Ligand code: BT5
């Protein structure tokens, strides 16, 4: 079976936008026989593509399967770097683990790992990440930016702005960011971001940005312990979301915003982040490893550090914490 031809064929059918393509025309284009075209069409049907074949006219694509298999995603992808290489696995322990391995093996900047479900999806501090099969976007993006390691933590904030933009664009919903890595809708978490680093004496070798986005879950798709605090785009909008479209929008905005950050610095991103933030100006409780502070979140610095003013008037820089809103 020739995967490359099958991918090209799928791409061609998608681009035809519902127009019929004759078997002969496709055979000529790909330099194969009409029987070979027909076999590839059967393979696509086995994958869930719905293709009508009309005598004397040819093949018409009726629908694409609702999976994150890259063929359909890449066909309409508008990025230059991110997602040009994609690795898709139907089920895996964690896309972060696969991404780390690929990064060590030297995979290209912008490589994306996608899966339908994770058996050991993880959050910060080895917390569990709930990854219901076929319902969300569980992906890791490998970046190799030429920046000093001190500039790495801001990538979580850059990614958060990109996620908000993508959700707004595809669904019309208005998500908010809770520092540093939660995207909330109506106060409930719909996306978490986990940025991990591979670095050595020469600097950053790879940044692995993990994004877990709840797209089409119903409340019972979440494990009982998070049903009160989690939400999905479908629960918030009442509409099924096209996950392929969402992945394309995510990758596009992540490319745009990481470019802005790398080329122009953090100032523009900071303004956007603050405008989307549910944390800024609010009374919060910041739980850190060694202490808990209560105060008003005043903003973030150019390094992405949260500024918290306590009742005694002191301003504290918060580098890593869990935040609870106080009202
Ligand atoms: C995060 O951690 O929010 C980062 C989550 C990153 C997940 C992605 S999925 C693709 C990639 N592969 C991975 O293995 N991970 C990344 P943190 O801030 O520590 O939040 C974790 C907490 O969020 C948990 O302790 C739960 O309370 C809650 N939680 C778990 N699963 C959730 C879900 N699906 N939706 C909303 N909240 C969830």
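Quick note: the coordinates plus some simple rules give every number you see, no bench work behind them. Computed from a prediction, not measured in an experiment: that's the story for all the values here. Neighbour counts run over all protein chains shown; Cβ positions are idealised from the backbone, glycine included.
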### Summary
Gyration tensor on Cα atoms of the stretch 112-183, a ≥ b ≥ c root eigenvalues, a/c under 1.5 rounded, else prolate if a/b beats b/c, else oblate, says oblate
### Message
Restricting everything to alpha-carbon atoms, can you work out Rg to Rh for the chain with a Kirkwood hydrodynamic radius?
### Response
1.03
### Task
Would you calculate a helix-derived [θ] at 222 nm for the chain, using -39,500 (n - 2.57) for each DSSP H run of n ≥ 4 and dividing by the full residue count, to the nearest 500?
-10000 deg cm²/dmol
### Summary
Fewest-first ordering of 148, 85 by Cβ atoms within 10 Å yields 148, 85
### Message
Rounded to whole Å, give me the distance from the Cα center of the stretch 226-289 to that of the stretch 49-107.
### Response
24
### Message
Only counting other Cβ atoms within 10 Å, I'd like 44, 250 sorted with the fewest neighbours first.
### Response
44, 250
### Message
Along the Cα→Cβ direction, 7 angstrom out, place labels at residue 148 and residue 268. What is the inter-label distance in nm?
### Response
2.3
### Query
For 115, 4, what ranking results if the residue with the fewest other Cβ atoms within 10 Å of its Cβ goes first?
4, 115
### Query
Taking only Cα atoms, what is the 0 to 90° angle, nearest 10, from helix 3-15's long axis to the longest principal axis of the chain?
80
### Summary
Largest-first semi-axes in Å of the equivalent ellipsoid built from the Cα gyration tensor of the stretch 283-325 are 14, 13, 9
